[in-house]
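Undergrad: Have a look at this one before I ask anything.
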Amino acid sequence: MSSKPDSFDDLEPTETTTDDGGTDWIDLDPGQEVIGTITGLNLDAGYNGVVELDGRPMYLNNNLKNQIIAALVVGNTMGVRKSEDVEKFTNDDGEQEYHPKEARFDR
């Protein structure tokens with residue numbers, strides 16, 4: 001087992017995508033199984049999220065979502081850095097300022 005990193009810079013940057021488009025959706029019938037490499041995960045898509053296995057999307061139910069989080073997230077090392085830089089955007093409340101955050105993980 002590896003030791004925990006000493007600083008945020010020791011952790012790996014992670015690329016993300018908002019692409020939730022895939023084809024050939026997985027829709028299992030009773031008794032069917034599917035095994036594959038997780039090639040995408042969007043917990044904001046659908047009601048409980050969408051996981052892609054070998055590029056094929058599948059809707060998650062709450063139980064599957066919680067199992068993914070427990071297996072792949074809980075217990076892993078995560079670093080978060082809040083930037084000193086200020087970014088701005090405008091919404092219905094006017095111009096808003098914030099300091100962007102970046103997450104890194106020990107892989």
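The values are calculated or read from the model by the stated rules, or taken from the named source; none is laboratory data. Bear in mind the structure is a predicted one, so any value in this text is a computation, not a measurement. We place every Cβ from the backbone using ideal geometry, glycine too, and count neighbours over all the protein chains shown. We work out accessible area using only protein heavy atoms, side chains counted, and drop any ligands, DNA or RNA first. Shrake-Rupley method; radii C 1.70, N 1.55, O 1.52, S 1.80 Å.
Undergrad: Between segment 26-47 and segment 65-107, what is the C-alpha centre distance in whole Å?
TA: 25 Å
Undergrad: Moving to a separate point now. Checking a compactness column here: for the chain, what do you get for Rg(Cα) / (2.2 N^0.38 Å), N being the number of residues?
TA: Compared with the compact-globule rule of thumb, the chain sits at 1.37.
Undergrad: Related question: With every protein chain present, what is the per residue accessible area of the chain (1.4 Å probe, Å²)?
TA: 82 Å²
Undergrad: Normalised by the number of residues in the chain, what is the relative contact order in percent for Cα pairs under 8 Å and 6+ residues apart? Numbers along the way, then the final one.
TA: Details: 140 pairs, mean separation 28.9, N = 107.
Relative contact order of the chain: 27 percent.
Undergrad: Which value, in debye to the nearest 20, gives the size of the charge dipole of the chain about its Cα centre, when Lys and Arg are +1 and Asp and Glu are -1 at the Cβ?
TA: The dipole of the chain has a size of about 480 debye.
Undergrad: Using θ = phi - 60° and the Karplus relation 6.51 cos²θ - 1.76 cosθ + 1.60, list the HN-Hα couplings for segment 93-106 in order, rounded to whole Hz, with x at every Gly or Pro.
TA: Karplus-based 3J(HN,Hα) across segment 93-106 equals 8, x, 6, 10, 10, 7, 9, x, 10, 10, 10, 9, 9, 8 Hz.
Undergrad: For helix 62-72, what angle does its Cα long axis make with the longest principal axis of the chain, in degrees from 0 to 90 and rounded to 10?
TA: The angle comes out near 60 degrees.
Undergrad: Along the positive direction of the dipole of the chain (beta-carbon charges: Lys, Arg +1; Asp, Glu -1; about the Cα centre), which of Tyr47, Asn91, Pro5 reaches farthest?
TA: Going by the charge dipole, the pick is Pro5.
Undergrad: Here is a follow-up. How much of Tyr59 can a 1.4 Å solvent probe reach, expressed as accessible area in Å² and rounded to 10?
TA: Rounded to the nearest 10, the figure is 140 Å².
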